[in-house]
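Worksheet: the structure to be examined is printed underneath.
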Amino acid sequence: MSREEVERIDDQGMAAWDTHDAQGFAAIFADDFVVNDVATPQPIREKDGVRAYAQAWFTAFPDMSVKQTNRVVSDDAVAAEVEFTGTNSGPMMMAGKEIPPTGKSVIGRGTYFARVRDGKVVEFNSYPDIAGMMMQLGFMPQM
């Protein structure tokens with residue numbers, strides 16, 4: 001693959017997040033893939049799981065807007081830093097439990113690394129700053 005193709009796939013995934021399109025996000029994944037997120041207890045290996053993962057974020061933060069703040073691209077991978085803003089006006093899933101909305105706004109940050117093969121994502125590793133978000137939502141003391 002070329003770097004341009006990897007960028008195109010990454011741009012497609014970012015656009016799906018920014019428009020709250022869980023199906024569009026799932027569409028960038030190959031038939032055989034793995035998603036690892038430090039906030040989820042088990043790897044995700046099915047597209048229904050990817051859709052539910054994305055939708056949980058969109059439900060918790062219905063006004064979420066995302067942008068990349070840094071990106072490195074190779075012929076088969078992309079790594080990026082992201083920032084999102086949103087108001088927690090929907091229920092949030094954490095550690096398998098539903099948490100009622102707080103009504104608080106956050107600026108969330110995180111990073112991800114994706115490996116691409118044959119035009120689709122085969123591995124996606126996500127590292128959201130959960131502690132920072134929990135502090136902003138009032139679940140942890142500010143440091």
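The values are calculated or read from the model by the stated rules, or taken from the named source; none is laboratory data. In this text, all values refer to a predicted model and were calculated from it rather than measured experimentally. Neighbour counts run over all protein chains shown; Cβ positions are idealised from the backbone, glycine included. The accessibility values were calculated without ligands, DNA or RNA, using every heavy atom of the protein model including side chains. Shrake-Rupley method; radii C 1.70, N 1.55, O 1.52, S 1.80 Å.
Worth a mention:
- Counting protein heavy atoms only, the range 40-143 has 54 percent of its accessible area on carbon and sulfur, 1.4 angstrom probe.
- The range 88-143: projected area of the alpha-carbon convex hull, averaged over directions, in nm²: 5.1
- Entry for log10 I(q)/I(0) by the Debye sum over Cα atoms at q = 0.09 Å⁻¹ (calculated from the structure that is shown) out of [x] -0.26; [y] -0.52; [z] -0.31: [x]
- Nearest 10 degrees, 0 to 90: helix 3-18 Cα axis against the chain principal axis: 30
- Spin-label pair Gln23-Ile130: with each label point 7 Å from Cα along the Cα-Cβ axis, the two points sit 3.0 nm from one another.
- Entry comment: accessible area of the range 3-143 is 53 Å² per residue, from protein heavy atoms only and a probe of 1.4 Å.
- An ellipsoid equivalent to the range 27-99, defined through the eigenvalues of its Cα gyration tensor, has semi-axes of 23, 18, 11 Å when rounded to whole angstrom and sorted largest first.
- Over the range 11-60, the fraction of Cα-Cα pairs per 5 Å bin, rounded to whole percents and listed from the shortest bin up, is 5, 23, 31, 27, 13, 1.
- Extension gain, Asp31-Thr111: 0.36 nm per intervening residue step, less the Cα-Cα distance, totals 26.4 nm.
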